[in-house]
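**Q** The structure that follows is given in the form of structure tokens.
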Amino acid sequence: LDAARALTRELSTAPHLKKERRALDRAVSQHLLQITATRSQVRQKAHDMINLLSQLQDPHQTYCILQVCNKCLYQCESQVAKLPSFAFPLAEVIMACCSVCPPLYGHLVATLAEVCHVIVPRYYIYNPELYESEEAYF
């Protein structure tokens, strides 16, 4: 997470890049802050976010990933606190993006770990090739 922030520091702070930064912020906000619980809109928002993330190159892509993480946290604190069922469409959009843009997953978990120190650890699926027995797995 620190490496991503260092990579995007110039884009985040440079006055001459303010227009690019605002365009990215607006695009992320449009796709994450305006989600309704309809299946078609969830698919459309996920498709739009995937297109946005796949079109960008570093450091713009990394900046956008960090903004997605921050907007996701904001939505969890504001929208999900008021309407818990909103977590499901938001999670669907985010996970669809993570499946296409793997760095987003790592940054999202790191961002969550900064704010919430009690996050669910990764669940390792039992694979007989990796473990001698089920007892060794557990």
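**Q** Checking Cys72 against (1) assigned to a helix (DSSP H, G or I); (2) farther than 21 Å from Leu11 by Cα; (3) in contact (Cβ under 8 Å) with a residue 24 or more places away in the chain; (4) not basic (Lys, Arg): exactly one of these is not met. Which one?
**A** With respect to (1) assigned to a helix (DSSP H, G or I); (2) farther than 21 Å from Leu11 by Cα; (3) in contact (Cβ under 8 Å) with a residue 24 or more places away in the chain; (4) not basic (Lys, Arg), Cys72 is out only on (2).
**Q** Within the group Leu32, Leu66, which residue is under 13 Å from the mean Cα position of the chain (by Cα), under 22 Å from Ala113 (Cα atoms) and modelled with pLDDT of 80 or more? Quick ask: steps written out before the conclusion?
**A** Working: Leu32 fails: modelled with pLDDT of 80 or more.
Matching residue, one of Leu32, Leu66: Leu66.
**Q** From the list Tyr105, Tyr74, Tyr63, exactly one residue is buried (at least 17 other Cβ atoms within 10 Å of the Cβ) and aromatic (Phe, Trp, Tyr). Which is it?
**A** Details: Tyr105 fails: buried (at least 17 other Cβ atoms within 10 Å of the Cβ); Tyr74 fails: buried (at least 17 other Cβ atoms within 10 Å of the Cβ).
One residue alone meets the criteria, Tyr63.
**Q** To continue, here is another question. Which one is farthest from Ala46 (Cα to Cα) among residues in the range 83-101 that are at pLDDT 85 or above and open to solvent by 70 Å² or more (accessible area, probe 1.4 Å)?
**A** Step one: list which residues in the range 83-101 are at pLDDT 85 or above, which gives 88-101.
Now narrow it down to the ones that are open to solvent by 70 Å² or more (accessible area, probe 1.4 Å): 88, 92, 95, 99-100.
Values: Phe88: 13, Glu92: 8, Met95: 9, Ser99: 11, Val100: 10 Å.
Here the residue is Phe88.
**Q** Those residues that are part of a helix (DSSP H, G or I) and out of contact with any helix residue (DSSP H, G or I) (no Cβ under 7 Å at 6 or more places or on another chain), I need them from the range 53-62; list them, please.
**A** To start, the set of residues in the range 53-62 that are part of a helix (DSSP H, G or I) comprises 53-55, 60-62.
Hit for the range 53-62 is Gln55, nothing else.
The values are calculated or read from the model by the stated rules, or taken from the named source; none is laboratory data. Nothing here was measured: the structure is a model prediction, and the numbers come from that model. Please note: Cβ atoms are built from the backbone with ideal geometry, for glycine as well, and neighbour counts cover all protein chains shown. In case anyone asks, the SASA skips ligands and DNA or RNA and just uses the protein heavy atoms, side chains included. Shrake-Rupley method; radii C 1.70, N 1.55, O 1.52, S 1.80 Å.
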